[in-house]
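Structure, as structure tokens:
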Amino acid sequence: MPQIDSQTQKVGLIGWPLEHSLSPLMHNAAFDHLGLNWVYLALPFPPHHLEDALRGLRSLGFKGFNITAPYKQAILPFVDDMSPLAQILGAINTVIIRETADGSRVFYGDNTDVEGFLYAVQPLLQRVAHDHALILGAGGAARAVAYALCKVGFKTLTFMARNLARAHLLEEEAQKWGFSTSFKSVPPSAASLCALAEQISLLVNATPVGTWPTIHASPLPDDFVIPPHCLVVDLVYNPSKTRLLLQAEKAGALAINGLGMLVQQGVLSFRAWTGLDAPIEVMVQACLNAIHHVEE
């Protein structure tokens, strides 16, 4: 834990749970590298305490914070203003706390997940057809992924989620984004997967299934054969090789985890809070060291 004094600038991460998040390690390594008297704290709050937690962050002089599951949409009513992208998406992952002329402190919400995802996967997207993508999940991360894929010209996006009503809602909202992409939502069933198997060129896991410590879980059944022509992106980054990625590699499909997205969205948040360029290599290495330590 970095030394904290009365001059330390505070940022953090709110979500539930947060035991295995690498964001504090990543940001604190960056602050230390640049000699900044800043600290990034993990701030796990259960859902019924969200409003109280946000009130505390405003009062305690925080400069900003990141938001992860399950709060990327739940936080919307509590921000004072937000970026056009966050408003379109209906999801926020970064808040900058600004002090106004009268001394009040306001929350400005933004979304850096879209750019973070594109930065991580764009080179690989050039190797697959931009026809049909299957997105597992319908939460805040799935929204960012969907918007990013619309931007690069995917023709069809299918959302597969246990909460089908939530997937239908995302489908309806995505149709208002102004892209020519068509959208569908289906339940997570063997029949749905079989029907989609030969259609999709991209599969993205935007759920937490498979993250540490439940490393043997996969969002796909073991007997589902991933098409070898398909790019598989698992937004989970810890462990580095999830069960889903192992399934993809066994099928001969190209596969990557979510570490690149984590770092790049963090880089953008870092810049928004500090006004400085983040030391990307330092942040990546801090994450890799932590993952390697867990996997030993």
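The values are calculated or read from the model by the stated rules, or taken from the named source; none is laboratory data. Note that the structure is predicted; figures quoted are calculated from it, not measured. Glycine gets a Cβ as well: all are built from the backbone with ideal geometry, and neighbour counts include every protein chain shown.
Tabulated values for the structure
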{"quantity": "Selection from the range 155-194 of residues that are among the aromatic types (Phe, Trp, Tyr) and assigned to a loop (DSSP other than H, G, I, E, B)", "calculated": "Trp177, Phe179"}
{"quantity": "Cross-chain or 6+ apart pairs with Cβ under 6 Å, the range 76-104 first and within 20 Å of Gly61 (Cα to Cα), then among the small types (Gly, Ala, Ser)", "calculated": "Val79/Gly109; Met82/Gly109; Thr94/Ser269; Val95/Gly64; Val95/Gly109; Ile96/Gly64; Ile96/Ala272; Ile97/Gly64"}
{"quantity": "Test: residue in the range 212-234 that is in contact with a His (Cβ under 7 Å, 6 or more places away or on another chain), crowded, with 19+ Cβ neighbours inside 10 Å and touching a residue at least 40 places away in the same chain (Cβ under 8 Å)", "calculated": "no"}
{"quantity": "Selection from the range 36-50 of residues that are more than 16 Å from Val11 (Cα to Cα) and either assigned to a loop (DSSP other than H, G, I, E, B) or among the small types (Gly, Ala, Ser) (or both)", "calculated": "Pro46"}
{"quantity": "Residue list for the range 205-230, restricted to those being outside any loop (DSSP other than H, G, I, E, B) and over 23 Å from the mean Cα position of the chain (by Cα)", "calculated": "none"}
{"quantity": "Residues located in the range 193-237, provided they are within 25 Å of Gly140 (Cβ to Cβ) and of a type outside the set (A, V, I, L, M, F, W, C)", "calculated": "Ser201, Asn205, Thr207, Pro208, Gly210, Thr211, Pro213, Thr214, Ser218, Pro219, Asp234, Tyr237"}
{"quantity": "Considering residues of the range 259-277 that are of a type outside the set (Ser, Thr, Tyr) and more than 14 Å from Thr112 (Cα to Cα) only, the residue surrounded by the most Cβ atoms within 10 Å (Cβ to Cβ)", "calculated": "Leu259"}
{"quantity": "Top-ranked residue of the range 119-143 - restricted to ones that are under 14 Å from Ala206 (Cβ atoms) and out of contact with any Phe, Trp or Tyr (no Cβ under 9 Å at 6 or more places or on another chain), ranked as surrounded by the most Cβ atoms within 10 Å (Cβ to Cβ)", "calculated": "Arg143"}
{"quantity": "Residue list for the range 240-255, restricted to those being within 19 Å of Leu22 (Cα to Cα) and either under 13 Å from the mean Cα position of the chain (by Cα) or surrounded by 20 or more Cβ atoms within 10 Å (Cβ to Cβ) (or both)", "calculated": "Thr242"}
{"quantity": "Cβ pairs under 7 Å, 6+ apart, first in the range 41-58 and in the same structural domain as His27 (by TED's automatic domain parsing) and modelled with pLDDT of 95 or more, second surrounded by 14 or more Cβ atoms within 10 Å (Cβ to Cβ) and among the hydroxyl-bearing types (Ser, Thr, Tyr)", "calculated": "Ala42/Ser21"}
{"quantity": "Search result, residues across the range 11-27 that are crowded, with 18+ Cβ neighbours inside 10 Å and at pLDDT 95 or above", "calculated": "Val11, Gly12, Leu13, Ile14, Gly15, Leu22, Ser23, Pro24, Met26, His27"}
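This table checks each residue for (1) polar (S, T, N, Q); (2) in the same structural domain as Arg143 (by TED's automatic domain parsing); (3) outside any loop (DSSP other than H, G, I, E, B).
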site: Tyr71; (1), (2), (3): no, no, no
site: Ala86; (1), (2), (3): no, no, yes
site: Ile92; (1), (2), (3): no, no, no
site: Ile97; (1), (2), (3): no, no, yes
site: Phe107; (1), (2), (3): no, no, yes
site: Ala120; (1), (2), (3): no, yes, yes
site: Arg127; (1), (2), (3): no, yes, no
site: His130; (1), (2), (3): no, yes, no
